[in-house]
Amino acid sequence: MVRIRVLVIDDHRIFAESLAAALAAEPDVDVSAAGSGPAALRCLERAASEGRRFDVLLVDADLGAALPGTTRPAVPVRDADEDRVDGISLVTGVRSAQPGVRVVVLAEKDDPRRAALALQAGASGWVAKDCSLNRLLTVIRGVLRDETHLPPALLTGVLRELTAARRHRTESERLVESLTPREREVLRCMVAGLGRKAVAERLFLSPHTVRTHMQNVLGKLGVHSTLAAVALARRAGVGPVDLGPPPGGRIGAQETHSA
């Protein structure tokens with residue numbers, strides 16, 4: 001019998017262990033539990049190194065919440081403060097590192113906006129925590145067949161959110177297309193988190209020229225800060241510049257004119 005490997009991730013340890021115990025009673029389910037995002041990452045890495053990858057992750061929608069009923073802003077999957085791993089960031093990181101893993105988000109309440117974010121991050125389902133065990137097993141087996149599962153009451157709201165996100169992406173793409181090739185390079189450096197001096201060294205420009213390009217980027221994108229420009233760039237699908245050694249080996253060389 002082929003067994004489904006499931007990892008339950010919830011920082012309410014009693015809930016995680018209780019759900020894991022209930023799922024373990026199924027003859028075709030092999031289940032583990034993790035009480036935090038970092039603990040889940042360690043489980044995933046250990047399983048991958050042993051050649052025993054998980055098939056499905058059940059992730060708490062409120063993982064890493066600062067206060068009951070609230071969530072922190074999305075943060076990178078890894079952070080110096082190890083407890084700062086939220087549910088949506090975990091979904092994004094896992095799906096990027098292990099595309100074959102299916103993720104189902106477990107939520108206390110229906111939230112179309114957050115459900116849409118979860119789907120965009122790569123989740124295959126959004127399920128209420130108070131659903132029946134049979135319903136959850138149906139979803140687990142369904143996502144392994146590449147099905148997407150949402151509560152019927154959420155469908156309209158999620159479609160509305162996804163449509164709005166697509167519209168925002170289209171507008172963001174149009175604004176990015178208004179940039180010159182050099183300005184797009186500068187924007188990609190901004191997405192990578194490089195400051196003005198680092199951008200100048202990377203693109204062989206003077207800091208003054210980089211400042212001018214950055215001001216032009218903000219103006220053309222219609223934003224007032226680097227953070228807003230980066231957010232818009234990501235909506236448009238603009239990725240960070242490759243942070244390997246600059247091409248040509250001319251580190252430190254700088255132009256003193258605009259490019």
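The values are calculated or read from the model by the stated rules, or taken from the named source; none is laboratory data. What you are looking at is a predicted structure, and each value in this text was computed from that prediction instead of being measured. Here the Cβ positions follow ideal geometry from the backbone for every residue, glycine too, while neighbour counts run over all protein chains shown. Only protein heavy atoms, including side chains, enter the accessible area calculation; ligands, DNA and RNA are left aside. Shrake-Rupley method; radii C 1.70, N 1.55, O 1.52, S 1.80 Å.
Is there a residue being over 22 Å from L159 (Cα atoms), part of a helix (DSSP H, G or I), of a type in the set (A, V, I, L, M) and at pLDDT below 85 anywhere in segment 95-104?
yes
So for segment 22-38 (the condition being open to solvent by 80 Å² or more (accessible area, probe 1.4 Å) and among the acidic types (D, E)), does at least one residue qualify?
no
Write out, first by first residue and then by second, each pair whose Cβ atoms fall under 8 Å of each other, whose residues are 6+ apart or on separate chains, and whose first residue, in segment 12-34, is in contact (Cβ under 8 Å) with a residue 12 or more places away in the chain while the second is open to solvent by 50 Å² or more (accessible area, probe 1.4 Å) and not in a helix (DSSP H, G or I).
Close Cβ pairs satisfying both conditions: P27/M1; D28/M1; D28/V2; D28/R3; V29/R3; D30/R3.
Would you say R52 is of a type outside the set (F, W, Y), at pLDDT 70 or above and part of a helix (DSSP H, G or I)?
no
Going by the conditions given, is T212 under 22 Å from the mean Cα position of the chain (by Cα) and of a type in the set (S, T, Y)?
Criteria not met by T212.
If we scan segment 171-179, do we find a residue that is surrounded by fewer than 13 Cβ atoms within 10 Å (Cβ to Cβ), hydroxyl-bearing (S, T, Y) and at pLDDT below 90?
No; the residues of segment 171-179 include none that is surrounded by fewer than 13 Cβ atoms within 10 Å (Cβ to Cβ), hydroxyl-bearing (S, T, Y) and at pLDDT below 90.
Anything in segment 209-259 that is at pLDDT below 90, open to solvent by 50 Å² or more (accessible area, probe 1.4 Å) and not in a loop (DSSP other than H, G, I, E, B)? List them, or say none.
T226, L227, R234, R235, P247, G248, G249 - these are the residues of segment 209-259 that are at pLDDT below 90, open to solvent by 50 Å² or more (accessible area, probe 1.4 Å) and not in a loop (DSSP other than H, G, I, E, B).
Suppose the filter is of a type outside the set (D, E), closer than 21 Å to T92 by Cβ and in contact with a His (Cβ under 7 Å, 6 or more places away or on another chain); does R182 pass it?
Working: of a type outside the set (D, E): yes; closer than 21 Å to T92 by Cβ: no; in contact with a His (Cβ under 7 Å, 6 or more places away or on another chain): yes.
No, not satisfied.
Could you say whether any residue in segment 145-162 is among the small types (G, A, S) and at pLDDT 80 or above?
No, that holds for no residue.
Identify the residue in segment 105-118 that is in a loop (DSSP other than H, G, I, E, B) and modelled with pLDDT under 85 and, among all such residues, is nearest to K129 (Cα to Cα).
Out of the qualifying residues, it is K109.
Got a number for residues in segment 119-149 being on the phi < 0 side of the Ramachandran plot, surrounded by 15 or more Cβ atoms within 10 Å (Cβ to Cβ) and touching a helix residue (DSSP H, G or I) at 6+ places or on another chain (Cβ under 6 Å)?
The total comes to 7.
Considering segment 193-208 alone, what residues qualify as being closer than 27 Å to E171 by Cβ and outside any helix (DSSP H, G or I)?
Hits for segment 193-208 are G193, L194.
So which residues in segment 1-21 are open to solvent by less than 40 Å² (accessible area, probe 1.4 Å) and under 19 Å from A61 (Cβ atoms), if there are any at all?
If the condition is that a residue be open to solvent by less than 40 Å² (accessible area, probe 1.4 Å) and under 19 Å from A61 (Cβ atoms), then V6, L7, V8, I9, D10, A16, L19, A20 are the ones that fit.
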